[in-house]
Amino acid sequence: MSRRPLVPSIDTARKSLRRLNESVESTVDPLGMAAPLIHAQLAWMAHPQELAEALGRISDSLWALQRHTWLRLAGLPSTGPAKPNADDGRFADPVWAESPTWDLVKGWYLLLTHHMQDMLYETPGLSQKERRRAAFWWRNGLNAIAPSNFLWTNPVAMRKAIESNGESLVRGFRNFLDDVAAGNIRMTDPDDFKVGENLATTPGKVVFRNRLLEVLHYAPTVPRVHATPIVIVTPWINKFYILDLNPKKSMVRYLLGQGFDVFITSWKNPGDEMRDIRFDDYLTEGIQALIDTARGLTGAPKVHAVGYCIGGTALSTYMAWANRHFGPEAVPVAHWTLFTTLVDFHKPGDIEVFVDEGSIRFITQNMARKGYLDGAEMASAFRLLRANSLIWHYVVHGWLYGETPPPFDVLYWNMDATRMPYAMHAWYLRELYLHNKLIEKDALTVAGEPIDLGAIAQPVYAVSAEDDHIAPWRQTFRTMNYLNGPKRFVLSTSGHILGIVNPPVKPAKRSFWVGAAERGDQAEAWLSGLSVQEGSWWDDWMKWLRPQCGELVEARPAATDAYPSLGDAPGAYVLER
């Protein structure tokens, strides 16, 4: 008769300790805010020589600031040792420089914050990832205590209060109460916009609907269109109308005017009932359904597919899946376009601070309880990445200055967040962001097929944005290293949204670089061989797209007998909260 050992085995003990550590970590520091800061402090303590040198630099700066202080108090001219960064608008008002008192308040704050940030980035013996995480959380704390964020340390707020006889403070308090009621620091007034009335107004019909999406087909605006239709896979993190904001900014309306037949996805906003929806389903019931609908309604054998952000990642996965599932010649996509798309998540940008085992475990456990990731939680995380411009700017101008946020359609769309199904998003975070398996040949199996990006031979046109902090352009360029077939890459100025929503205007607002990309190219080398072009890349896209989308044929109606209208665009799913 065997007996159970009185002392547990080493493996059992290790597993128990690991579970205990995960439990404590998930409870005490689920997003890893404290750990990197503690590690940074310990690292500096373990390197006394480097610490002494850093403290020496701080001491030199403090003496310089003290001298600056004495000169300003004496009424003498002096240039402070600490200046705001070029993109820091918190101290743009002249009073922060002209008044000795407020110049000193600004100077002391900037000097201390700059040195703290520099020390975190220079922490000896700490990995680059932990340095960035420590600096991120510390930067958000320092941003929160900026003198510009408080009434009694913001001379502009006090001046406005005096000039308005306190009315600015009354309006600011009303704005504060409205934000509390909304559960969000509003970036624009939601009452200024209504989807279907002054947003997403391009005429069209819903011609397909299932549990995941509605497919919208837009009414033609010219008598003849290219034979190959365009299908657009929008991101399900937000709603589709970022590509149909208003007639002047609408990519959809622009494509119609250029003689293309356009279909687009409008994803359902999931609740707990969709908790088990997988990434596989977004391919088979989403992208494949979109393509089948376009081919069925138009009679075209193949389509041109466009993917934006996570929609582009899904489209890339679909293209690998389709090449394996149908065979290269039978893939129903003739050529494709990517907007700000990551397939290699090795350096996914500022969002990396949330990508580690502990953070993803916490997010996954939270999703498992509710069945989804709330869109407001994801929006808050993205706003933290640019807290000064996306949070504190609106606190100061709304609460302290009493200003009503101006109407801005892009910001309204940004606030119109959607939820992520538990099963899909848990898989996406772990397999792509954490383990970066999409770039490994056959490391993932999706909808029954091993995924190999190298199997994709269809021509691709890829667009990235120079200032994109969500999908950094150097990392999106790496997509070119995994695809076969002809590749044309565009780098646009501006960021994740305005680099894409970039219609041609005169005079030109933006510029771009464009050229062929080879599988072995590196981002900086590719860019160094190009000259900047003024204007919008949309014109270049049209020159690339027209020859590939076939001859002109009679324009098809938005709905047909085989694909009758299920409702007018923008449809029902986009209105769901």
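The values are calculated or read from the model by the stated rules, or taken from the named source; none is laboratory data. Treat the numbers as computed from the prediction; the structure is a model and nothing was measured. So basically every Cβ, Gly included, is an ideal-geometry build from the backbone, and we count neighbours across all protein chains shown. Heads up: the accessible areas ignore ligands, DNA and RNA and are worked out on the full protein's heavy atoms, side chains in. Shrake-Rupley method; radii C 1.70, N 1.55, O 1.52, S 1.80 Å.
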message: Go through segment 232-256 and report how many residues are open to solvent by 10 Å² or more (accessible area, probe 1.4 Å) and either under 16 Å from N502 (Cβ atoms) or in contact with a His (Cβ under 6 Å, 6 or more places away or on another chain) (or both).
response: 6
message: Of the residues L545, L575, L552, only one is touching a residue at least 40 places away in the same chain (Cβ under 8 Å) and under 30 Å from G375 (Cα atoms); which?
response: L575
- prompt: Out of all the residues in segment 189-198, is one or more surrounded by 17 or more Cβ atoms within 10 Å (Cβ to Cβ), under 30 Å from P557 (Cβ atoms) and among the β-branched types (V, I, T)?
  reply: yes
query: Taking the condition open to solvent by 50 Å² or more (accessible area, probe 1.4 Å) and among the basic types (K, R), does R211 pass?
result: yes
query: Being open to solvent by 60 Å² or more (accessible area, probe 1.4 Å), of a type in the set (V, I, T) and closer than 24 Å to P84 by Cβ, is that true of even one residue in segment 146-168?
result: no
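So that you can scan it fast, the table gives a plain yes or no per residue for (1) within 30 Å of R430 (Cα to Cα); (2) in contact with a strand residue (DSSP E or B) (Cβ under 8 Å, 6 or more places away or on another chain):
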site	(1), (2)
K248	no, no
L255	no, yes
K268	yes, yes
D272	yes, yes
L290	yes, yes
R295	no, yes
statement: Residue set G75, G80; condition of a type in the set (G, A, S), surrounded by 13 or more Cβ atoms within 10 Å (Cβ to Cβ) and more than 20 Å from L384 (Cβ to Cβ); output residue G80
message: Can you pull out every residue in segment 320-334 that is open to solvent by less than 10 Å² (accessible area, probe 1.4 Å) and farther than 15 Å from P450 by Cα?
response: V331, P332, V333
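Does D416 qualify as being of a type in the set (D, E) and touching a residue at least 60 places away in the same chain (Cβ under 8 Å)?
yes
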query: (1) in a loop (DSSP other than H, G, I, E, B); (2) in contact with a Phe, Trp or Tyr (Cβ under 9 Å, 6 or more places away or on another chain); (3) not hydroxyl-bearing (S, T, Y): which one isn't true of G89, the others all being true?
result: (2)
task: Identify, by number, the condition in (1) among the hydrophobic types (A, V, I, L, M, F, W, C); (2) modelled with pLDDT under 85; (3) in a helix (DSSP H, G or I); (4) surrounded by 13 or more Cβ atoms within 10 Å (Cβ to Cβ) that L51 doesn't meet.
output: (2)
field: Selection within segment 103-137 - more than 24 Å from A52 (Cβ to Cβ), of a type in the set (A, V, I, L, M, F, W, C) and out of contact with any Gly (no Cβ under 9 Å at 6 or more places or on another chain)
entry: V105, F136
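Hey, does segment 28-40 have a residue that's at pLDDT 85 or above, open to solvent by 100 Å² or more (accessible area, probe 1.4 Å) and under 25 Å from A134 (Cβ atoms)?
no
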task: Please name all residue pairs, on different chains or six or more residues apart, with Cβ atoms under 9 Å, provided the first residue is in segment 431-460 and is at positive phi and at pLDDT 95 or above and the second residue is of a type in the set (D, E, K, R) and open to solvent by less than 50 Å² (accessible area, probe 1.4 Å).
output: N436/D344; D442/D452; A447/D280; A447/D281; G448/D280
- request: Count, please, the residues in segment 172-207 that happen to be assigned to a helix (DSSP H, G or I), in contact with a Pro (Cβ under 9 Å, 6 or more places away or on another chain) and at pLDDT 90 or above.
  value: 2
statement: The number of residues in segment 407-435 that are open to solvent by 40 Å² or more (accessible area, probe 1.4 Å) and over 14 Å from the mean Cα position of the chain (by Cα) is 8
